[in-house]
Structures are given as C-alpha cells and as structure tokens.
Amino acid sequence: MGRESAIQANVSGGNSSRTRYVWGLLSVAALLLIGLSLWKFLPGKPAERPFETRGLKLVDTVVHLPTASFKRLDFALPCAGTLSLDLACEEGNNIEIFVVPPSELARMNGKQTFAHLDGFDGHMTEKYQRTARLSPGKYCLVLMDKSARPLNSSRTLIQVRARLSDLN
C-alpha cells in the first residue's frame, strides 16, 4: 500500500512573501521619487511671487545703465488693466524712475517739457515696486542714473519686470 508524502512541494515557483516585500519597497521608492521631482520642478505658490501673477508679461529684461545717463523702455498696453512694475538693482545706486503716458510721448521725443504719471515716479536705491490701473496705449519707462560717480565709471544693472493683470 502506498504512502503519500506528508511534505507538499511549493508549486508557486518562489517565496511569495519575499516577492511582495520587494515590490512594496520598490513602490514606496518610486512614489518618493515622483513626489520629490514634483516638489522640485513645479512652480511655487503665487503668494511667494506677488509680481508674477496671472496676466500679460510686458517687459522682463536687464538694463545696463551707465553712470549719469538715462535709458527708456517703450511698452504698449493692448487693453486697460493693472500695470505692475518691479525693478531691482544692487544696493547703493541712485536711480530716478518715471513713466510717461501716451499723451506726453510726442513732447518727450521732441525734447520739450513733458509730464509723467503720478504714482509711478520714484527714486530707487535697491528695489522699486509700483502698481496702478492704466488705460490702453503706448507708454515709456524712463530710468535716470543720478549717481555722484565719475562719468562712464561704471554701469548699473537693473532687472526690469512689467506685467499687466486684471485685463479689460
């Protein structure tokens, strides 16, 4: 009479608890990598960058302004909206800033006495931020170096950003 063996062979082909453990570790590692890459490469919250909110980017450039000189940046507002200007330079500079409205551009270009927009005129030594509601048209941002350094002794690098939001 035949006896059957009391020990049964594992027909699954491997240790199933070890396989589940390895797959679990790999899944956790993959989720961590995905989470870290999303955290690193997705943009920050809008509250962290108040001057980089929704809207239309008009100007984003670096201006090289020689001592005792001026530069102008022309820009156009295609529609009414809130213009936000954000300028920055190294500390210790003496920069005058103003914005010329469309109605005064011909006078400015003709080297006549002209008016500029109230609220956008200012003095900058390191940072300058202004926001106001404007109507559509061509405008001009004027930067004047009023430093007491010798002429052409150096240049000031000014980061200029202008955005139009709350478009109408």
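The values are calculated or read from the model by the stated rules, or taken from the named source; none is laboratory data. Being a predicted model, the structure only gives us computed values, none of them experimental. Don't worry about glycine lacking a Cβ; one is built from the backbone with ideal geometry, like all the others, and counts go over all protein chains shown.
Key figures
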{"quantity": "Hits in segment 99-118 (condition: surrounded by 12 or more Cβ atoms within 10 Å (Cβ to Cβ) and closer than 22 Å to Asn168 by Cα)", "calculated": "Val99, Val100, Pro101, Pro102, Leu117"}
{"quantity": "Residue within segment 52-68 that is among the hydroxyl-bearing types (Ser, Thr, Tyr), at pLDDT below 75 and in a loop (DSSP other than H, G, I, E, B) present", "calculated": "yes"}
{"quantity": "Any hit, segment 146-155, residues being in contact with a strand residue (DSSP E or B) (Cβ under 6 Å, 6 or more places away or on another chain) and surrounded by 15 or more Cβ atoms within 10 Å (Cβ to Cβ)", "calculated": "no"}
{"quantity": "3 or more residues farther than 14 Å from Leu65 by Cα and modelled with pLDDT of 85 or more: qualifying strands (runs of 3 or more DSSP E) within segment 108-168", "calculated": "127-134, 137-145, 155-165"}
{"quantity": "Condition check for Leu164: loosely packed, with under 15 Cβ neighbours inside 10 Å and under 20 Å from the mean Cα position of the chain (by Cα)", "calculated": "no"}
{"quantity": "Residues of segment 79-107 satisfying the condition of being in a loop (DSSP other than H, G, I, E, B) and touching a residue at least 60 places away in the same chain (Cβ under 8 Å)", "calculated": "Cys79, Ala80, Glu90, Asn93"}
